[in-house]
Amino acid sequence: MPKGTVMQDELIKAATRLFQTRGIRAVSLQDIAEEVGVTKAALYHYFANRDDLLRHVFGDWLKRDIEKLDAVTSAPGTTRERLRRYVHHHISCITENIELYGLTFSAESELPPEVRAEFRQFKRESDLVVQEILREGVRSGEFVGSDENATVFAIDGMCNWLWKWYHSSGTMSPEQIADRFADLVLYGLASRDGGQTEGPADLGRDELIRYHTRAIRFHNERIEALTTE
């Protein structure tokens, strides 16, 4: 790896550490330069300005997640298997970058417009992937028909909330949490034709969506309580 690339990577890693521990506003370019042991002037050799550095810290991470998402969800398998892989991917991305995810949600206004746009684009692409899996599941008879947007919001909300309560020292690993979440989602989507229970039989579609949304929220809160006991 060229020497310049190594130094740029070191600066990005240092900036990431400082942003995670101090917050975005509290970190200056001088702080980052001192963390690596270079002058502030030297830092400008690798980044045009603070926004350029932020684009690398957050933008590069988002691009990697998008690439992983494509690989994970396009692999062969049933729609149930693909949706489970999506949940595992989402949980993995969050827990591996928990502080950055937290900053993206809690301090979005402090990010450069380009980074905010990339994050929203990633969210849109992610939602489209899940919507297509849901449609395929309905066509194949694996999933019951439901409001796709409501289902996507329920899945994303359940996963995204990890940044508020997940701790690596908790009693459940990311893989265990992902399995539990995937089980809840797949239980709620299971088709009666497949011989699986999907919820109270006397509820209409909209009521059924609300029923499973409440169930997911309840179990999410229960998992949070169990992992922090």
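If you go through the range 105-118 one residue at a time, how many are within 22 Å of CYS159 (Cβ to Cβ) and assigned to a helix (DSSP H, G or I)?
The number of residues fulfilling the criteria is 7.
Test PHE119 against the criterion of being over 17 Å from LYS68 (Cβ atoms) and at pLDDT below 85, and give yes or no.
Considered against the rule, which asks whether it is over 17 Å from LYS68 (Cβ atoms) and at pLDDT below 85, PHE119 comes out as no.
Can you pull out every residue in the range 119-143 that is surrounded by 20 or more Cβ atoms within 10 Å (Cβ to Cβ) and not in a helix (DSSP H, G or I)?
Those that are surrounded by 20 or more Cβ atoms within 10 Å (Cβ to Cβ) and not in a helix (DSSP H, G or I): GLU142, PHE143.
Scanning for something β-branched (Val, Ile, Thr) and within 20 Å of ASP52 (Cα to Cα), does the range 71-86 turn up at least one residue?
No, the range 71-86 has no match at all.
Quick check on the range 33-48. Is at least one of its residues within 23 Å of ILE177 (Cα to Cα) and touching a residue at least 40 places away in the same chain (Cβ under 8 Å)?
Scanning the range 33-48, I find no residue that is within 23 Å of ILE177 (Cα to Cα) and touching a residue at least 40 places away in the same chain (Cβ under 8 Å), so the answer is no.
May I ask you to list the residues in the range 159-182 that are surrounded by 21 or more Cβ atoms within 10 Å (Cβ to Cβ) and under 12 Å from the mean Cα position of the chain (by Cα)?
CYS159, LEU162, ALA178
With the range 1-98 as the region, which helices (runs of 4 or more DSSP H) entirely inside it contain at least 3 residues that are under 26 Å from the mean Cα position of the chain (by Cα) and not hydroxyl-bearing (Ser, Thr, Tyr)?
Hits in the range 1-98: 3-22, 50-54, 60-74, 79-96.
Looking at the range 74-84 only, could you name the residues that are buried (at least 18 other Cβ atoms within 10 Å of the Cβ) and more than 12 Å from LEU134 (Cβ to Cβ)? Steps first, please.
As a first pass, look at the range 74-84 and keep what is buried (at least 18 other Cβ atoms within 10 Å of the Cβ): 79-80, 82-84.
Selection gives ARG84 alone.
I need the full set of residues from the range 92-142 which are among the hydrophobic types (A, V, I, L, M, F, W, C) and in contact with a Leu (Cβ under 7 Å, 6 or more places away or on another chain), in order please.
Once the filter is applied, which keeps residues that are among the hydrophobic types (A, V, I, L, M, F, W, C) and in contact with a Leu (Cβ under 7 Å, 6 or more places away or on another chain), the range 92-142 yields ILE94, LEU111, VAL115, PHE119, PHE122, VAL129, ILE133.
The values are calculated or read from the model by the stated rules, or taken from the named source; none is laboratory data. Worth saying up front: this structure is predicted, and the values here are computed from it rather than measured. Cβ coordinates were reconstructed from backbone atoms using ideal geometry, including for glycine residues, and neighbour counts include every protein chain displayed.
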